[in-house]
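See below for the structure under consideration.
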Amino acid sequence: MSSTLIRGTFILTLGVFISKFLGLFFVIPFYALLGNEVEPTSLYSYGYVPYTIFLTVATAGVPLAVSKFISKYNSMQEYHVGRKLFKSGLVLMTLTGIVSFLIMYAFAPFFAEITIPSDEQVITVEQVTTVIRAVSFALIIIPFMSLIRGFFQGHNSMGPTAVSQVIEQIVRIVFLLVGVYVVLYVIKGDMTTAISVATFGAFVGGAASLASLIWYWFKRKPRFDKMLEEDKGTVDISLVEIYKEIIAYSIPFIFVGIANPLFQLVDQVTFNRAMGAIGNADVADTAFGVLNFAAHKLVIIPVSLATAFSMSLLPLITSAYTKNEYGKMNRQLDQTFQILLFLTIPAALGISLLAEPTYTLFYSHSDLGTEVLRTYAPVAILFALFAVTAAILQGIDKQKYTILSLLVGLLVKLMLNIPLIKLMETQGAILATTLGYLAATVINLIVIKIYGNYEYNTVFRRTLLIIMFNAVMAAAVIVLYVILANFLDPSAKMQAIALVAICGGAGALIYFYLSFRSRLADRLFGERAAKVRRKLRMGQ
């Protein structure tokens, strides 16, 4: 694996992980401020799902599309082409952001009405409308910001994106928590106002992130200007031609970016109706909050690694593909798949095994929350695989298959969601998501094999070894948990913390011991892991 890929992946992984870590742990004080009630988190989710879809369409897949475009022309030493795109793109992103904001704000009542079909539900159409309008303001600023991130990534400069993500998350969370506290406990406002302030934090966080990116731009502009002096100047491409190429890149990125929100939107539109059809309209808001906010926040953590891989992998895959360096590209794919599975499988399995104390730790004890989290956690592996395989397809110019795979996955979800919810309630929605993502991911893997001349033999063998190590780890964690559960109560928050720390820590130690002892870590991470193994005197 090239040092560039490792360094870029590490920086983005760290940035995304910190951002996701903050996004996960803020729910503890947030949930407490809301009085340990699930319904307000459902209201929060009702606003955020359509916002995420609008945001992805507004940015048009800009960070990755621009990253791919600039990486392609930089590899040809045509640096002026990327700068030309950057200048005009800032204007375009400003316009798309404003237009997207206006549309979302105006159509908020429509989105609210399709979300709340029954008067028996706790949350009303008016509440959802207010929250959607509050979060829509973030659309004004974030598309502009996303273009700058894409420019840096196209130059294999991942630090600005990572830092800006962390700053965005910190500022958003601080504003959210302080805002909710002031509304509920200082001015004695209502819950709808509090949730509206919480979602408006997306705009405030975006503004802080943009400020950090502008600082990075002025700091690094001399270096970028020096690259222009080395420009070959053999490519003369108009803005029309540039945007044709960007659109060809960005359409698949839009679909990939909204994949998870679209699956959530299917739940948002169908879940309440299906629950109402079986006489459970009165508990639909609570169940939806557990599924699409509480459990999803925990499940999505292992996927942060896939997000980082997608962002850092694409420029290098594009560069190798453009230069017809298929051997190099396949080695990068080998390493990427193996590291991804090496990290996501134990993370997802650990969350599933320790679902009860984990849910108690972040929220409060809930039989429904435990059940949903236990079955939902393993789906994170499919989330991660889809994100990475979709990025690979775009890197080898097979974007159309990304759209095909997602549409097939969504069709599976749409066809099965209502009947499975009627049959299995909340678990039915999870099963429909699993089958949809499985179909989409299998299609991506087949296309990579055919058009990338890629064989999965090495990945398959290593995956079997990873699964064996996870089986050993899981057995040890289960035994330890059963023993400790006789002394510690997983429904009590402080004791749940102890259970997660002890069992999770023991599982991690066993897994990494086996990985270093067998030298699997050496094969995946190279000399860095070998040095650690030698220092620990394992398998000299």
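The values are calculated or read from the model by the stated rules, or taken from the named source; none is laboratory data. Note that the structure is predicted; figures quoted are calculated from it, not measured. Neighbour counts run over all protein chains shown; Cβ positions are idealised from the backbone, glycine included. Heavy atoms of the whole protein, side chains included, go into the accessibility calculation; ligands, DNA and RNA do not. Shrake-Rupley method; radii C 1.70, N 1.55, O 1.52, S 1.80 Å.
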Which whole-number percentage describes the relative contact order of the range 1-237, with Cα contacts under 8 Å and a sequence gap of 6 or more?
29 percent
Under 11 Å from a label point 7 Å along Cα→Cβ of I403: give me every residue in the range 252-296 with its amide N that close.
252-255
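Tell me, what % of the accessible area of the chain is carbon and sulfur with a 1.4 angstrom probe?
On the way: 14720 of 21760 Å².
Ligands and nucleic acids excluded, carbon and sulfur reach 68 percent.
Averaged per residue, what accessible area in Å² does the chain show with a 1.4 Å probe, protein chains only?
Value returned for the chain: 40 Å² of accessible area per residue.
Given the -39500 (n - 2.57) contribution per DSSP H run of 4+ residues, what per-residue ellipticity at 222 nm results for the chain, rounded to the nearest 500 deg cm²/dmol? Let's see the in-between values first.
Numbers: 25 runs with 442 residues, N = 540.
After summing the helix terms and dividing by residue count, I get -27500 deg cm²/dmol.
Set the Förster radius R0 to 30 Å, insert the Cβ-Cβ distance between I247 and V174 as r into 1/(1 + (r/R0)^6), and round the FRET efficiency to 0.05.
Details: r = 37 Å, r/R0 = 1.24.
Result of the calculation: an efficiency of 0.20.
What does the charge add up to near G89, with Lys and Arg as +1, Asp and Glu as -1, over the other residues with Cβ less than 13 Å from its Cβ?
Values: positive: R83, K84, K87, R149; negative: E245.
Counting the neighbours of G89, the net charge comes to +3.
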For the chain, averaging the sequence separation of alpha carbon pairs under 8 Å that lie six or more residues apart and dividing by its residue count, the contact order in percent is 18 percent
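Find how much the distance from S491 to M76 grows on full extension, using 0.36 nm per residue of separation minus their present alpha carbon separation; answer in nm with one decimal. All intermediate terms of the calculation are to be shown ahead of the outcome.
Values: separation 415, 0.36 × 415 = 149.40 nm, distance 5.95 nm.
Gain in length upon complete extension: 143.5 nm.
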Need one number: nm distance between label points at F21 and S88, each 7 Å from Cα along Cα→Cβ, rounded to one decimal.
4.2 nm
Within the range 1-237, how many Lys pairs that are eight or more residues apart, or on different chains, come under 18 Å at the alpha-carbon?
11
Label-point separation in nm, D282 to N330, each point 7 Å along Cα→Cβ
6.3 nm
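Could you grab the relative contact order for the range 249-539? Cα pairs under 8 Å, six or more apart, rounded to a whole percent.
Values: 354 pairs, mean separation 65.7, N = 291.
Once divided by the residue count of the range 249-539, the mean separation gives 23 percent.
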I want to make sure I understand the PRE zone here: with the label point 7 angstrom from the Cα of N36 toward its beta carbon, which residues in the range 165-182 have backbone N atoms less than 20 Å away?
181
Principal axis lengths of the chain from Cα atoms, whole Å, largest first?
67, 62, 44
